[in-house]
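The structure appears below as C-alpha cells.
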Amino acid sequence: MVIVSFSIVHLRIKLSQMRIGVDLDGVVANFTKGWTKYYEEEFGKKILEEDITSWGLSEPLTHFKEEIDFWKWAKNINGASIFRNLEVYENAVETLNELSKSGNDIIILSSKPWWSIHDTLIWLGENKIPTKEIHFIEEKWTVECDVYIDDAPYQLESFIKHVPEKKVIRFVRSYNTPINGVIDIKEWRELIPLLNSF
Ligand SMILES: [Mg+2]
C-alpha cells in the first residue's frame, strides 16, 4: 500500500516537471535599463525604452558605428562589464523560485560574449536565481527544454525553425514583434498560468 502511494506521488511530480529554458537579458535582467543609464551618464543622451524599436544597439540608436563598438564600450564600464550590475525585472525571481519549488528545472540559456561570463555567474549568485544548469550558447535550441523564453527575434525564429514542437514564449519588448507559433507574455506574473494551461 505504501509503495503504491509513493508511486502515485512520484508520477504526479514527474508529470508536472518541465525543463524551462530561460534567457537572461531582456527577460530576467533589465539590460535596457542598465545600458541606457550608463550611456546617458557617459555620453549625455537619454534613450527611452520605447525608442528602441528594432534589434541592435549601434547607429542610429546610439553613436556607435557598429555593434562591436557598443560591446567594446559595454565590456568595461567603471571597471566592470555591463552585465555586472543589472536590475531584475519585477516578479522574475519570485516566479522562477515558484517554478523551481514546484519541481521544474530552470535552465539558463544565454548567448552573452565570453568576457561577460564571470560577471554573469556572480550576478546569478547575487540575485539568487534558482538554477543548477547554465549554458552560454548561441544555438540555444540545441539544449533540450520543454519551454523556451526569450526576447531576441533571431532566437525566437531559431526555436520555431529547429524545434517547432516545443513551446516558445516571447517576452514582449519594444524591439521585438509577434512571430507565428510563438506565445507572447508581457509580464512575469503571466508565466505560471500560461505554463499550467499547456
Ligand atoms: Mg535576451
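The values are calculated or read from the model by the stated rules, or taken from the named source; none is laboratory data. If you're wondering where the values come from, they're calculated on a predicted model, not measured in any experiment. So basically every Cβ, Gly included, is an ideal-geometry build from the backbone, and we count neighbours across all protein chains shown.
What are the residue pairs meeting all of these: first residue in the stretch 27-49, first residue farther than 26 Å from Ile106 by Cβ and in contact (Cβ under 8 Å) with a residue 24 or more places away in the chain, second residue assigned to a helix (DSSP H, G or I) and within 14 Å of the ligand (Cβ to nearest atom), Cβ atoms under 7 Å, and 6 or more apart or on different chains? From residues that are farther than 26 Å from Ile106 by Cβ and in contact (Cβ under 8 Å) with a residue 24 or more places away in the chain, the pairs are Tyr38/Ile82. Of the residues in the stretch 65-85, not one is in a loop (DSSP other than H, G, I, E, B) and under 30 Å from Glu190 (Cβ atoms).
Scanning the stretch 1-38 for residues that are part of a helix (DSSP H, G or I), polar (S, T, N, Q) and at pLDDT 50 or above yields Ser7, Ser16, Thr32, Thr36.
Against the criterion of being of a type in the set (A, V, I, L, M), more than 16 Å from the ligand (Cβ to nearest atom) and farther than 28 Å from Glu144 by Cα, Leu99 does not qualify. Return yes or no: is Lys166 in contact with a strand residue (DSSP E or B) (Cβ under 7 Å, 6 or more places away or on another chain) and within 25 Å of Glu49 (Cα to Cα)? Considered against the rule, which asks whether it is in contact with a strand residue (DSSP E or B) (Cβ under 7 Å, 6 or more places away or on another chain) and within 25 Å of Glu49 (Cα to Cα), Lys166 comes out as no. Please tell me if Asp105 is away from the ligand (no atom under 16 Å from the Cβ) and over 20 Å from Ile134 (Cβ atoms). Taking the combined requirement at face value, the residue does not satisfy it. Does at least one position in the stretch 62-69 carry a residue that is among the charged types (D, E, K, R) and touching a Leu at 6+ places or on another chain (Cβ under 7 Å)? Yes, some residue in the stretch 62-69 is among the charged types (D, E, K, R) and touching a Leu at 6+ places or on another chain (Cβ under 7 Å).
For every residue, the table says whether it meets (1) surrounded by fewer than 18 Cβ atoms within 10 Å (Cβ to Cβ); (2) among the β-branched types (Val, Ile, Thr).
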position	(1), (2)
Gly34	no, no
Trp55	yes, no
Thr95	no, yes
Gly103	yes, no
Leu109	no, no
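Contact annotation: residue pairs with Cβ atoms under 8 Å, 6 or more positions apart or on different chains, pairing a residue in the stretch 65-91 that is touching a residue at least 12 places away in the same chain (Cβ under 8 Å) with a partner that is β-branched (Val, Ile, Thr), are Phe70/Thr62; Ala74/Ile82; Lys75/Ile82; Phe83/Thr120; Arg84/Ile122; Val88/Val28; Tyr89/Val27; Tyr89/Val28. Taking the stretch 109-154 as the range and being assigned to a helix (DSSP H, G or I), more than 14 Å from the chain's Cα centre (by Cα), farther than 17 Å from Leu86 by Cα and within 16 Å of the ligand (Cβ to nearest atom) as the test, no residue passes. Filter the stretch 80-96 for residues that are within 16 Å of the ligand (Cβ to nearest atom) and hydroxyl-bearing (Ser, Thr, Tyr) and give the result. Listed by number, the residues that qualify are Ser81, Tyr89.
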